[in-house]
Structures are given as structure tokens and as C-alpha cells.
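Written out below as C-alpha cells is the structure these notes cover.
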């Protein structure tokens, strides 16, 4: 029978190992990561973020700092150097009409009228 395993233990082990499926590719990617460029919200330097992603075998990771893209170029360079696809985004705090004045007076982060939304471009056109 062709489906039988070899009698030799070494050949049997090799046959069993060859028949096992590969580990599934990682399907979860962090899309909302704040770096030290998000003042009062993130503490990790961009190199540390990329290092953690590499250790975790992540194929990609996003950095979505709040209201700025100051670390975008540095992040992209470090991620590509380590073989990780950089995803550049930004968390924008929106103030809705009528509530903008109240939010301006309050000035607390994500206070009344402030709605954080994460924007990630799907292409170069979206980034421009």
C-alpha cells in the first residue's frame, strides 16, 4: 500500500514531518500603533516597534500617530530594512460642527466633541 509509513524510524519521522502542513501564515496585523511621536499616548521608539514586529514574525505593521506623520519616513526605512511592510496612517481627532467650540474650550484629549478616527491610505494616490 502506498499510504503506509516506512518501517525505518528515521524514514518514518521524515515522512510524518513532510506530511504535516506548514504553520499557517500570520493573519493578524496591528493597525493602530502609537509611537513616541504621539505625545502622551505612545512611549516606544520606532526602532523598538519594528523590533517587536520582527520578533513576532509580523509581515506588516502600521504606525498611526495622533495628528501627525512626523515618524513616517523613519518608520518606513526601519521596517523595510528589517523585511516588514510598513503601513503608514494617522489618527485624526475630529471636532464635529456645533461641538467644535466646546471641544476647543475644554482642550482635553478626546474631550466632548472630539472623535478619534484612524486613516490609512490604500495606495500612493490616497497618501498624496
In segment 97-126, the residues that are surrounded by fewer than 14 Cβ atoms within 10 Å (Cβ to Cβ) and either in contact with a helix residue (DSSP H, G or I) (Cβ under 7 Å, 6 or more places away or on another chain) or at pLDDT 75 or above (or both): 112, 115, 117, 118, 119, 121, 122, 123, 124, 125, 126
Residues of segment 55-66 being out of contact with any strand residue (DSSP E or B) (no Cβ under 6 Å at 6 or more places or on another chain) and surrounded by 15 or more Cβ atoms within 10 Å (Cβ to Cβ), which ones? 58, 61, 63, 65
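This table checks each residue for (1) at pLDDT 95 or above; (2) within 19 Å of residue 119 (Cβ to Cβ); (3) touching a helix residue (DSSP H, G or I) at 6+ places or on another chain (Cβ under 8 Å).
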| residue | (1), (2), (3) |
| --- | --- |
| 19 | no, no, no |
| 28 | no, no, no |
| 43 | no, no, no |
| 51 | yes, no, no |
| 75 | yes, yes, yes |
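The values are calculated or read from the model by the stated rules, or taken from the named source; none is laboratory data. Source: prediction; values computed, not measured. Ideal geometry is used to build each Cβ from the backbone, glycine not excepted, and the neighbour counts take in all protein chains shown.
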